[in-house]
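Structure first, then comments.
The values are calculated or read from the model by the stated rules, or taken from the named source; none is laboratory data. Please read these numbers as outputs of a predicted model, since none were measured by experiment. No Cβ is skipped: glycine too gets one built from the backbone with ideal geometry, and neighbour counts run over all protein chains shown. These area figures cover heavy atoms from the full protein model, side chains too; ligands, DNA and RNA do not enter into them. Shrake-Rupley method; radii C 1.70, N 1.55, O 1.52, S 1.80 Å.
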Amino acid sequence: MPHTVSRHLAEGPRVGIRHFTHDDAAEFTECARGSRELHRPWLFPPESVEAYAGYADRLIQDPTKAGFLVCDRDTGALAGFININNIVGGAFQSGALGYGAFAHAAGRGLMREGLTLVVDHAFGPLRLHRLEINVQPANTASIALALACGFRLEGFSPDMLYIDGAWRDHERWALTTEMRARR
C-alpha cells in the first residue's frame, strides 16, 4: 500500500490542523457566510474572497500570528479555524487564541479536538509557555470549549475589545504548560 503524506501539521482521530493558504479562500468564505448566525455577535470572520486575502496574508506573514484550519480528516472539509495572535517571545512566551467553528461542524466535538492539537503545537514546536482566550461572558459555547480543554478563568476585563461597534467585556481564560502537565 503506498504511503500518503498528510497536509496536516497534526492529526487527531477525526480532524487535522494545517496552516491557512490563499487557496482556501472560496471554501472558507462560503463556510463563514453560512455560519453568520452562529458567529454573531461574537466574531466576524471574512465573508468575501477579498477580505479573506488580507486576513490570510496577516496570518501567513506576521510572525506574531499563527493561523490554523481545523479540517475533517475523512473529507478534508473545513470545520473551523483557530488563530494564535499576539505571540510574544522572551520571558513571556505567550499567545492569545481566537477561534470559530463553522455551522455544519458545530456541536460535534471537532473544535475541541482541533484546539487540543493547536495547544500541543503551541506548547511543542512554537515553544510557548502560556495561552490565553478572551471570551465575552455570554458566549457560553466558547467558554465551554475553553473549560473542556483545561483553561482556567483568571479574570474579568471590562471594555476590553472593540467588537461590532462597542467596547465589550471579556473573561480571561489561560493555560500554561505546567497546568497541562498536571491534567
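Worth pointing out:
- Cα centroid separation, the range 162-183 to the range 122-160 (Å): 3 Å
- Here the accessible area is traced with a 1.4 Å probe on the protein chains. For the chain, carbon and sulfur cover 54 percent of it.
- Simple label model, 7 Å out from Cα along Cβ direction - Ile163 to Asp120, nm: 2.8 nm
- Once both labels are positioned 7 Å from their Cα atoms along Cα-to-Cβ, the gap between Leu153 and Ala77 label points is 3.5 nm.
- Remark: relative contact order (the chain) = 18 percent; criterion is Cα-Cα distance under 8 angstrom and separation of 6 or more residues.
- Net dipole in debye of the range 52-128 [+1 Lys, Arg Cβ; -1 Asp, Glu Cβ; about Cα centre; nearest 20]: 120 debye
- Put simply, when 153-159, 56-62 are sorted by average Cβ atoms within 10 angstrom per residue, most first, you get 56-62, 153-159.
- Per residue, the range 100-182 exposes 49 Å² of accessible surface when a 1.4 Å probe is rolled over the protein heavy atoms with every protein chain present.
- Tensor-based shape of the range 45-93 (alpha-carbon gyration tensor, a/c under 1.5 rounded, otherwise prolate or oblate): oblate
- Cα gyration tensor, the range 48-183 - rounded (a/c under 1.5), prolate or oblate: rounded
- For the range 48-141: relative contact order, % (alpha-carbon pairs under 8 angstrom, 6 or more apart): 22 percent
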